[in-house]
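Readers should treat all values here as calculations from the given coordinates under stated rules, not as data from a laboratory. Since we're looking at a predicted model, the values are computed, not measured. Virtual Cβ from ideal backbone geometry, glycine too; neighbours counted across all protein chains shown.
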Amino acid sequence: MIAGNRDPSEGQPEARSGRWIPWTFVGMFGVILAANGIMVAFAFGTWSGLSADDPYRRGLAHNKHVETVTRQQELGWQVGLGFKPSGPGAGELRLRALDREGRPILGANVTATVVRPVVRGQDFTVTLSGRGKGMYTTVVRFPKPGLWEVRYTIDGNGETVNAARRIKVQ
């Protein structure tokens with residue numbers, strides 16, 4: 001047989017139907033829509049996307065926070081916070097407060113809120129007592145070792161200063 005020539009005894013070739021091609025596209029789009037539907041269902045059922053409890057109110061308070069930080073910087077207070085361990089999970093918080101000229105800030109009310117950044121419910125507040133020469137201290141016992149954030153407030157000389165520092169407790 002010569003290439004390209006057909007034997008007339010074979011009859012007509014069976015015609016292929018192309019009806020399945022549109023259904024392939026319908027099936028592919030059906031799979032895509034089903035996958036997207038599953039992802040949307042998981043998205044609505046999981047994380048809300050909010051990283052703060054009340055983001056609107058926190059946003060409104062931002063300008064006030066910026067003003068407070070600017071005012072505190074203009075005061076020029078020099079504040080240092082340290083932690084001296086005295087045993088497992090215990091130690092002394094020491095805060096030294098000086099004004100712009102390096103004079104000790106005496107008679108201030110100093111409080112500190114101690115927060116565990118990774119676990120809620122272990123926070124506590126302490127009051128630091130004046131020891132003279134701008135030094136304020138208190139003995140602290142931590143519920144667990146690890147990283148803690150000390151958020152302190154100093155009310156003295158008619159001004160208020162807020163700041164924070166992280167410490168590691170063994």
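May I ask you to compute the full-extension gain from Phe25 to Glu149, defined as 0.36 nm times their residue separation minus their alpha-carbon distance, rounded to one decimal in nm? Walk me through the numbers before you get to the answer.
Details: separation 124, 0.36 × 124 = 44.64 nm, distance 5.80 nm.
So the chain would gain 38.8 nm between Phe25 and Glu149.
Placing unit charges on the Cβ atoms only, positive for Lys and Arg and negative for Asp and Glu, gives the chain a dipole magnitude near 900 debye about its Cα centre.
Quick check on packing: order 150-159, 34-43 by the mean number of other C-beta atoms within 10 Å, highest mean leading.
Details: 150-159: 16.5, 34-43: 9.9.
Top of the packing list down: 150-159, 34-43.
Using only Cα atoms and rounding to the nearest 10 degrees, what angle (0 to 90) does helix 62-75 make with the longest principal axis of the chain? Once rounded, the angle reads 40 degrees. Identify all lysines with a Cα-Cα distance to Lys133 below 25 Å; exclude those on the same chain that are fewer than 8 residues away in sequence. Lys133 reaches Lys84.
Working from label points 7 Å from Cα in the Cα-to-Cβ sense, the Leu33 to Leu60 distance is 4.4 nm.
What is the extension gain from Gln73 to Arg120, computed as 0.36 nm multiplied by their sequence separation minus the C-alpha to C-alpha distance, in nm to one decimal?
13.9 nm
Treating r as the C-beta distance of Thr113 and Lys168 and R0 as 25 Å, the FRET efficiency rounds to 0.90. Go through [x] -0.60, -1.27; [y] -0.82, -1.19; [z] -0.69, -1.06 and flag the label whose value is the computed log10 I(q)/I(0) by the Debye sum over Cα atoms at q = 0.13, 0.18 Å⁻¹ for this structure. Derived directly from the coordinates: [y].
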